[in-house]
Amino acid sequence: MNFFGIWICLVTLFVIGMGFVWVIRGERFFGYLWWPYVMTLGILCIVGSLFAANNWVSALCGAVGGSLIWGATELKEQAVRGELGWYPFNGRKIDPPLVKIIKKWKAPSL
Amino acid sequence: MDINWVGLSAALATFLGIWIGHVSVRKIEREVVNVWIPAGIALLAGFGLWLASTLTSNLPLSAASGIVGVTLLWDALEIAIRQPARVKHGHAPANPNNPRHRQILADYPEATTVDLLDRDPIGRAYSAEEIAALKAGGR
């Protein structure tokens, strides 16, 4: 029997669980407008996974990349959750570089 | 340099597993009266994919099966427990055509048929009056 998939999925479950944490905390302190940077980081992780010689490293990079891309699409909804009072709201967020350009783009939400 | 497909397989399984699970959980919980039936199916499918992941020597396939399996197990929990709790708190819209949701609307004052998340951020916190107006159907 091959237990590679079972071990990888348990690690991925932890990565997804951490996704809940960083989306909530990240949106609170930085705001949802950082989404293009998070998405780019996710894509870079996946591209990096293609060139990893070790299968465990490749799988971990891929799972982190997939989770980061999903998290980027969750930031806008999380911002609304904070504004509705479902999570603590922080009115003094740290804007990302090129914020004026990013504001013109439609933030993804799936 | 050889390309390692394990990571791409894990990435696709993670992203698609979460995305499709996220959309399906909301849709299924909204429409189905007895949520334990789809939750049981998701549970069986999740364990089935876990078993399948142990039976293949192909690592990208094993990783994808394992990851989609674990997202299905999580979806079972979401369908049966977590999404109904969101509907009770008004964090997900209730479906008045579903008898189970009609009962939730009758029993839980916070429950609403309005999808409060279906809007763009405004950059400030809503007041209690504004939230009440949103729930009354206004935007």
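Values as computed for the structure displayed
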read-out: Chain lengthening between B:V32 and B:L55 when straightened (0.36 nm per residue, less Cα-Cα); value: 4.9 nm
read-out: By average C-beta atoms within 10 angstrom, highest first, the peptides A:35-41, B:8-14, A:7-13; value: B:8-14, A:7-13, A:35-41
read-out: Sparse-neighbourhood loop sites, trypsin sites (Lys or Arg not before Pro) in the stretch B:62-132 - DSSP loop, at most 10 other Cβ within 10 angstrom; value: B:R124
read-out: Hull shadow area, averaged, the protein assembly as shown [alpha-carbon convex hull, nm²]; value: 14.4 nm²
read-out: In sequence order, calculated HN-Hα J values of the stretch B:30-47 (Karplus, 6.51, -1.76, 1.60; Hz; x Gly/Pro); value: 6, 9, 8, 7, 9, 5, 6, 5, x, 5, x, 5, 4, 4, 5, 5, x, 5
read-out: C-alpha long axis of helix A:55-83 to longest principal axis of chain A, angle in °; value: 20 degrees
read-out: Value at 222 nm in deg cm²/dmol, rounded to 500, when DSSP H runs of n ≥ 4 in chain B each add -39,500 (n - 2.57); value: -21000 deg cm²/dmol
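Every read-out reported here was derived from the displayed coordinates using simple, explicitly stated rules and does not represent laboratory data. Computed from a prediction, not measured in an experiment: that's the story for all the values here. Cβ sites come from the backbone with ideal geometry, for glycine too, and all protein chains shown count toward neighbours.
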